[in-house]
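Step one of this worksheet: look at the structure below.
Just so it is clear, none of the values below were taken in a lab; they were calculated from the coordinates. From a predicted model like this one, the values you see are computed outputs, not experimental measurements. Positions of Cβ are backbone-derived with ideal geometry, glycine not excepted, and every protein chain shown enters the neighbour counts.
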Amino acid sequence: MLTPAEEMGLSGLSLASRVREAFNEIPDAALAELLERIREECNLRHVIYLRDGELDPIRVMACPVPLLADQLS
């Protein structure tokens, strides 16, 4: 028998797994377009590093990381 904490942890894994499965269904061409759009938005919104005088967008994960309500609080 699982403790409530163990059940909650496993439910988080289940949610994360479903999100990853859905993300993996995105066609490669659409994913490449999404990654390029994220890079462009990082530049526009100044989510960047300044390296040797050059702007370098910070890499933002395209696949969301799901949080359960207790993890958020």
At 0.36 nm per residue, minus the direct Cα-Cα distance, what do L67 and L35 gain on full extension? Give it in nm, one decimal, please.
9.3 nm
Between 0 and 90°, nearest 10: helix 4-24 axis offset from the chain longest Cα axis
40
Return the long-range amide H neighbours of I48 (sequence gap of 5 or more, or a different chain), with a cut-off of under 5 Å between placed amide H atoms.
I58
Summing -39500 (n - 2.57) over the DSSP H runs of n ≥ 4 in the chain and dividing by its residue number, what mean residue ellipticity at 222 nm do you reach, to the nearest 500 deg cm²/dmol?
-18500 deg cm²/dmol
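Find the all-direction average of the projected area of the Cα convex hull for the chain, expressing the result in square nanometres with one decimal place.
Hull-based average projected area comes out at 7.4 nm².
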Longest the chain segment clear of trypsin sites (Lys or Arg not before Pro) sitting in DSSP loops (not H, G, I, E or B) with at most 14 other Cβ atoms within 10 Å runs 1-44
